[in-house]
Amino acid sequence: MNQQNRIYKPEYATELISIAEGDLETANALAAQKVGRVENIIYHCEQAIEKCLKAVLCFRGKPILHTHNLGMLVMALGDAENIPHGENLDSLSEFATIRRSVETGDIIEDEDVQTAIEVAGDVLGWAHKIIRS
């Protein structure tokens, strides 16, 4: 097993879920206060989703890919997991990479932010159900 893909103890899944909850809380707080860059709000949504996907990988005893690429994490879990919004999650990956530090000039509307928060909440709920089973 290389350093990029490690298997962790299943108990680590609970810690990852806790971190994901904090990331989603941060996204909600920033959105409510309308402070900072909106990209940062979506970044925290991406981080919450990333932690949820990694938590389920961990819980399932699968290697955790050390990546911000949500599409790769979805593929690692496979279609049988029925991940909410799974086919669209990769579009958020850029907020953990290039959009985190570069101004692109793209306009991000309030509804885009709200959608990202809702998607992160859906994925968090899905991960909770699996890990609590």
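The values are calculated or read from the model by the stated rules, or taken from the named source; none is laboratory data. All values reported here derive from a predicted model rather than from experimental measurement. As a convention, Cβ positions derive from the backbone with ideal geometry for all residues, glycine included, and neighbour counts pool all protein chains shown. Note: areas computed on protein heavy atoms with side chains; ligands, DNA, RNA excluded. Shrake-Rupley method; radii C 1.70, N 1.55, O 1.52, S 1.80 Å.
Points to keep in mind about this one:
- If you go through the stretch 65-78 and keep only what is part of a helix (DSSP H, G or I) and open to solvent by less than 30 Å² (accessible area, probe 1.4 Å), you end up with 70, 71, 73, 74, 77.
- Among the numbered conditions (1) in a helix (DSSP H, G or I); (2) surrounded by fewer than 20 Cβ atoms within 10 Å (Cβ to Cβ), the only one that residue 62 does not meet is (1).
- Here residue 107 meets the list (1) surrounded by 15 or more Cβ atoms within 10 Å (Cβ to Cβ); (2) in a loop (DSSP other than H, G, I, E, B); (3) among the aliphatic types (A, V, I, L, M) almost entirely, failing just condition (1).
- Pairs meeting the criteria (first residue in the stretch 71-94 and in contact (Cβ under 8 Å) with a residue 24 or more places away in the chain, second residue open to solvent by less than 70 Å² (accessible area, probe 1.4 Å) and of a type in the set (Asp, Glu), beta carbons under 6 Å, at least 6 apart or on different chains) are 92/46.
- Only listed residue being within 12 Å of the chain's Cα centre (by Cα) and either on the phi > 0 side of the Ramachandran plot or among the β-branched types (Val, Ile, Thr) (or both), chosen from 14, 67: 67
- So residue 97, is it in contact with a His (Cβ under 6 Å, 6 or more places away or on another chain) and more than 22 Å from residue 129 (Cβ to Cβ): yes
- Residue that is most open to solvent (accessible area, probe 1.4 Å), among those in the stretch 1-22 that are part of a helix (DSSP H, G or I), without any contact (Cβ under 8 Å) to a residue 60 or more places away in the chain and under 18 Å from residue 68 (Cβ atoms): 19
- One residue from 39, 46, 111, 50 being free of Cβ contacts under 8 Å to residues at least 40 places away in the same chain and charged (D, E, K, R): 111
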